[in-house]
Each structure stands twice: as structure tokens, then as C-alpha cells.
Amino acid sequence: METNIILPAPAFNEWDLDLLIDYVLKYHHRNIRTFGVDLTKRLTALCAEHPELQTVAAHLSNSVSDLDIHCQKEEQILFPFILEMISAANDGRQMPPFHCGTIQSPIRAMMMDHSDEIERHGRIAELTDNYAVPQNADDAYRTVMEDLRKFADQLREHTAVEDEIIFPRAIKLEMQQVG
């Protein structure tokens, strides 16, 4: 017998900053690159029988591509600096300034990316009448709509964790750590 266990939402604001970064990297970034790519392929294939979904498929494809670039910037530039600041704080040492002055500029850019993607997924929701499934839809259509909603929900969690917790803490840490 299968049981569905509903767990409470994680209290992300209680997590350590490095753990939040690990979570974003290992859950959200991986999800974008695996689930997002797979969903794009399934949605694109569905367009053969449902050409009305072509605009939705184009939006999702562009989103997954843009989010991959966004993730690369976080992984290669922003998060390593934040993790180094955490290490410096733990070791009691000061950090040199971020290579382009302060992390506030790249954080603003990341937040603008987030806003753009949330807006794009809002358009996807509108185009699909909030992921509505026609009565005569097959399982593939139904699953794609459920997964589009799930992807958007995960994206909202991703952006909230970064915008509301990681980024403000990183800015505060930079003010304390950078000499």
C-alpha cells in the first residue's frame, strides 16, 4: 500500500548559508538541467499532436536555456565568493573585495533574471489557462501540464531562497568580511 507523506516546508531561514547554497546547487540547479531539459523534450514532442502548445514549448525552452546560463554564473562566480567569505569568517580573517567591487551588482543581475523567469512562467500559466487539461487529453498531455506547474513551483522556491535569504545574508556577510 502506497502512502503519501506530506512534509512541512523546510524552514530555509534557519539553515546555514553554505547549506542553502548546497541545496540550491544540488537540488534546484540539477533540477533545471535534468527535469527542465526532459520536460522541454516531452513538451516539444507533444506539439506534434497539439500545435497550440508551440508557444509554450518555445517559452519553456528559452527559460531552461537562460536558467542554465544563470546557474553557471552563480556556480562559477557568485557562490564561490560567498563560500570563500563564509570560510574567511569561520577562520577569523578578512577578504579582499569582490573582483568587480561588491557582490551587490551581480546579485541585482541574478534577481533581475529571477524576475524575468517568474514573469515568463506566468505567461506559460496564462497560455495554458493555468495548466488546464482538456477533457479528452491523454496521459502525456496531463503529465506535461502537471510537470509545467511543478517546474514553476520549484522555480518560485529557488528564487525565494536566493532573493529573500541567500542574497541578503551574503550582502551582510560581505559588509562584515571584506576589508
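Please verify whether the stretch 65-77 includes one or more residues that are surrounded by 13 or more Cβ atoms within 10 Å (Cβ to Cβ) and more than 15 Å from the chain's Cα centre (by Cα). Yes, the stretch 65-77 contains at least one residue that is surrounded by 13 or more Cβ atoms within 10 Å (Cβ to Cβ) and more than 15 Å from the chain's Cα centre (by Cα). The set of residues in the stretch 78-91 that are of a type in the set (Phe, Trp, Tyr) and crowded, with 20+ Cβ neighbours inside 10 Å contains only Phe79.
Within the stretch 121-153, being β-branched (Val, Ile, Thr) and assigned to a loop (DSSP other than H, G, I, E, B) holds for Thr128, Val133. Just one of the listed residues (Ile77, Ile166, Ile118, Ile86) is out of contact with any His (no Cβ under 6 Å at 6 or more places or on another chain), in a helix (DSSP H, G or I), over 30 Å from Asp38 (Cα atoms) and of a type outside the set (Gly, Ala, Ser), and it is Ile86. Do you know which of the residues in the stretch 151-172 that are basic (Lys, Arg) and touching a residue at least 24 places away in the same chain (Cβ under 8 Å) is surrounded by the fewest Cβ atoms within 10 Å (Cβ to Cβ)? Among residues in the stretch 151-172 that are basic (Lys, Arg) and touching a residue at least 24 places away in the same chain (Cβ under 8 Å), the one surrounded by the fewest Cβ atoms within 10 Å (Cβ to Cβ) is Arg156. Restricting attention to the stretch 169-179, the residues that are more than 13 Å from Leu83 (Cα to Cα) and part of a helix (DSSP H, G or I) add up to 3. Restricting Tyr27, Tyr23 to residues that are in a helix (DSSP H, G or I) and touching a residue at least 24 places away in the same chain (Cβ under 8 Å) narrows the list to Tyr23. Filtering the stretch 93-150 to residues that are among the polar types (S, T, N, Q), open to solvent by 30 Å² or more (accessible area, probe 1.4 Å), over 24 Å from Asp163 (Cα atoms) and modelled with pLDDT of 95 or more leaves Asn130, Thr143. Here Gly36 clears all of (1) crowded, with 19+ Cβ neighbours inside 10 Å; (2) modelled with pLDDT under 95 except the condition numbered (2).
The values are calculated or read from the model by the stated rules, or taken from the named source; none is laboratory data. Because the structure is a prediction, the values reported are computed rather than measured. For neighbour counting, all protein chains shown are included, and Cβ atoms are generated from backbone atoms with ideal geometry for every residue, glycine included. Areas reflect the complete protein model, heavy atoms only, side chains present, ligands, DNA and RNA absent. Shrake-Rupley method; radii C 1.70, N 1.55, O 1.52, S 1.80 Å.
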